[in-house]
Amino acid sequence: MRVPRNLQVWKLGTVNYLDALKLQEKLVSDRKIQKIPDTLLSLQHPPTYTLGKRRTDHNLLIPESELKKIGAELHYTERGGDITFHGPHQAILYPIISLRDIGIGARNYVEKLELTMIELASLYGVKACVGQKGETGVWVGQRKIGAIGVRIQYGITSHGLAFNTDPDLNYFKHIVPCGIADKEVTSLRRETGTVRIFSSCEPLNIQRKLHQNLCSNRLAGKQEDENHSKSSGCLLYLDSGSFPHGFTTVS
């Protein structure tokens, strides 16, 4: 049985992408020297396209000069994965955790991120699954509902997952999402056929699901370990007054 683990959660609201990137870099350094515990950033971004370290610029389908006209930014990162979109009404989680302390490898970690999104979709009656070979993220049939892009330094994770609750899907028309052509992108709202806005409840749900999965031996599509315990530590919410000096949110 795994040792019960706590996860410190920062609920940040809407944060500009570069500010969130700088924060992650600082927290990774702090986690490396054990200055902070395992930490989870829960947030949203203004409309933003990001490219991974492979720099697949050809999957951006409009000139960079046109991005300002649609109210979006473009940023280059060192995470894995291809081009993706971040925006309002997405559930975005950036775990800053020590894989060595948890005792799992990179592939296992990614599978736990996948499982977290699959279980979140299931809460709303949506049957999601991992993609076929070469298709990263989480899918509903042939439609992608959740993306994953991670970076691991010194055994410490950053970046993470983006789950589509109710984003403006028109933004995805300007890219080849995750470098996978001829596939659609979907959202929780589209799949449920309801006008309900999920943002008030899904952040807490996805935070809990990720914490449960990090503390267990379960993986997507596999049986739960018989020694798994659901009482594996707790989520510790950081008060906004404890955020780094000078750090601000958009909303």
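Can you compute the FRET efficiency between LYS11 and LEU74 using 1/(1 + (r/R0)^6), with r the Cβ-Cβ distance and R0 = 22 Å? Round to the nearest 0.05.
Values: r = 26 Å, r/R0 = 1.20.
It comes out at approximately 0.25.
Here the spin labels are modelled as points 7 Å beyond Cα on the Cα-Cβ line, and at HIS58 and GLN132 they lie 2.2 nm apart. Computed 3J(HN,Hα) for the range 179-184, one whole-Hz value per residue from the Karplus formula 6.51 cos²θ - 1.76 cosθ + 1.60 where θ = phi - 60°, is x, 9, 7, 6, 10, 8, glycine and proline marked x.
Amide H contacts of THR56: none lie under 5 Å away among residues 5 or more positions distant or on a separate chain (H built 1.01 Å from N in the peptide plane; Pro and chain starts excluded).
Mind checking the full-extension length gain between ARG143 and LEU204? Use 0.36 nm per residue of separation minus the Cα-Cα distance, one decimal, nm. Please list the in-between numbers first.
On the way: separation 61, 0.36 × 61 = 21.96 nm, distance 2.44 nm.
In short, 19.5 nm is gained.
Segment TYR154..TYR237, full-extension length gain: 27.3 nm, with 0.36 nm per residue of separation and the alpha-carbon distance subtracted. Along its principal axes, the range 86-190 has C-alpha extents of 39, 29, 28 angstrom, given from the largest down. Among the trypsin sites (Lys or Arg not before Pro) within the range 55-89, those in coil by DSSP and having at most 15 neighbouring Cβ atoms inside 10 Å are ARG55. Remark on GLU73: its backbone amide H falls under 5 Å from those of THR48, TYR49, a criterion applied only to residues 5 or more positions apart or on other chains, H modelled at 1.01 Å from N.
To the nearest 10, the accessible area of PHE172 is 20 Å² with a 1.4 Å probe.
Which pairs, out of LYS35/LYS144; LYS32/LYS133; LYS53/LYS173, put more than 27 Å between their alpha-carbon atoms? As for pairs spanning more than 27 Å Cα to Cα, those are LYS35/LYS144; LYS32/LYS133. Across the range 11-17, coupling constants 3J(HN,Hα) worked out from phi with the 6.51/-1.76/1.60 Karplus curve, θ = phi - 60°, read 8, 9, x, 9, 10, 4, 4 Hz, and Gly and Pro carry x.
Here the Karplus curve 6.51 cos²θ - 1.76 cosθ + 1.60, taken at θ = phi - 60°, turns the phi angles of the range 99-106 into couplings of 5, 5, 5, 6, x, 10, x, 4 Hz, with x standing for Gly and Pro.
Working note: Debye formula, equal point scatterers on the alpha-carbon atoms of the range 146-191, no solvent; log10 I(q)/I(0) at q = 0.20, 0.22, 0.26 Å⁻¹ is -0.74, -0.83, -1.00.
The values are calculated or read from the model by the stated rules, or taken from the named source; none is laboratory data. Here the structure is a predicted model, which is why all the values come from computation and not from measurement. Neighbour counts are summed over all protein chains in view; Cβ atoms, including those assigned to glycine, are modelled from backbone coordinates with ideal geometry. Heavy atoms of the whole protein, side chains included, go into the accessibility calculation; ligands, DNA and RNA do not. Shrake-Rupley method; radii C 1.70, N 1.55, O 1.52, S 1.80 Å.
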